[in-house]
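The values are calculated or read from the model by the stated rules, or taken from the named source; none is laboratory data. Quick caveat, the model's predicted, so the values are computed rather than measured. Here the Cβ positions follow ideal geometry from the backbone for every residue, glycine too, while neighbour counts run over all protein chains shown.
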Amino acid sequence: MPKLVFIGDSVTDCARKRAQRYQGTPAALGKGWVHHLDQSLAPRFTDLQCWNRGFSGGQSADIMHQPDWWPCQVEGIPQAVELTTLLIGINDIWHPFWRDTPHHLDWALEGFRLLVETVQARSQRMVVCEPFALPCGEVTAHWWPLLQALSTGQEAICVELGVSWCPMQEALSAAVHGKPSDYLLDGIHPTDLGHRWLAGRWLSFVLDKNLLP
């Protein structure tokens with residue numbers, strides 16, 4: 001039974017239902033890219049299990065402090081899964097801007113490394129998706145040097161630890177054809193079109209790398 005976990009922030013959360021009674025239902029996957037992926041993958045794997053562990057507002061260093069952040073447990077003991085996907089980091093850029101506080105990318109990358117190392121021990125394979133933004137809404141020119149530095153740091157950690165790195169920013173920027181808000185409503189959060197693009201990008205990547213169980 002293939003088990004897939006998706007960990008992230010609001011881009012992944014997408015109003016997922018957290019209550020126990022919803023687990024194993026489409027409502028627990030939210031309304032975004034994880035939902036679209038589950039629909040795409042279900043015909044391939046009749047016994048597929050997908051878990052959405054997106055936490056709206058989550059930053060790299062606080063994901064593991066969230067309740068039930070790792071879904072596959074037996075009597076409180078974490079169990080291994082076949083593939084985990086991580087998409088995190090955009091709030092490490094965004095939140096200091098709207099809070100008018102300094103950015104601490106070193107701290108964000110330390111938290112990212114610890115999260116990746118912890119997930120690696122619980123997952124046969126792991127994919128990290130590059131955090132992304134588009135020039136509209138909340139996103140200004142001041143974002144880009146910081147986002148590039150964060151992405152470069154994340155990629156270096158993935159290379160060091162042997163984790164698959166899925167580039168996103170360049171491909172997304174090319175896909176929007178001058179209409180960024182059609183894909184990311186405020187430059188950060190995907191529209192339905194953006195979620196479908198993200199799901200397609202992920203699926204193409206994992207199939208190309210033969211990462212699906």
Which number in (1) in a loop (DSSP other than H, G, I, E, B); (2) closer than 25 Å to residue 130 by Cβ; (3) out of contact with any Pro (no Cβ under 7 Å at 6 or more places or on another chain) marks the one condition that residue 70 misses? (3)
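Would you please name the residue that is nearest to residue 133 (Cα to Cα), looking only at residues in the stretch 193-210 that are over 16 Å from the mean Cα position of the chain (by Cα) and of a type outside the set (S, T, N, Q)? Full working, then the answer.
So in the stretch 193-210, the residues over 16 Å from the mean Cα position of the chain (by Cα) come out as 193, 207-210.
Narrowing further to those that are of a type outside the set (S, T, N, Q): 193, 207-209.
Values: 193: 15, 207: 24, 208: 24, 209: 25 Å.
Among residues in the stretch 193-210 that are over 16 Å from the mean Cα position of the chain (by Cα) and of a type outside the set (S, T, N, Q), the one nearest to residue 133 (Cα to Cα) is 193.
Among the residues of the stretch 124-148 satisfying the criterion of being small (Gly, Ala, Ser) and surrounded by 15 or more Cβ atoms within 10 Å (Cβ to Cβ), which is nearest to residue 170 (Cα to Cα)?
Going through the qualifying residues, I end up with 133.
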Quick one: which residue in 110, 138, 82, 155 is outside any helix (DSSP H, G or I), touching a residue at least 24 places away in the same chain (Cβ under 8 Å), of a type in the set (D, E, K, R) and over 30 Å from residue 20 (Cβ atoms)? 138
Inter-residue pairs, beta-carbon under 7 Å, first of a type outside the set (A, V, I, L, M, F, W, C) and in the stretch 88-105, second loosely packed, with under 15 Cβ neighbours inside 10 Å, 6+ apart: 91/57; 96/102
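Quick grid of which residues meet (1) modelled with pLDDT under 95; (2) in contact with a strand residue (DSSP E or B) (Cβ under 7 Å, 6 or more places away or on another chain); (3) of a type in the set (D, E, K, R); (4) surrounded by 15 or more Cβ atoms within 10 Å (Cβ to Cβ):
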{"position": "166", "(1), (2), (3), (4)": "no, yes, no, yes"}
{"position": "174", "(1), (2), (3), (4)": "no, no, no, no"}
{"position": "181", "(1), (2), (3), (4)": "no, no, no, yes"}
{"position": "185", "(1), (2), (3), (4)": "no, no, no, yes"}
{"position": "192", "(1), (2), (3), (4)": "no, no, yes, no"}
{"position": "198", "(1), (2), (3), (4)": "no, yes, no, yes"}
{"position": "201", "(1), (2), (3), (4)": "no, no, yes, yes"}
{"position": "204", "(1), (2), (3), (4)": "no, no, no, no"}
{"position": "209", "(1), (2), (3), (4)": "no, yes, yes, no"}
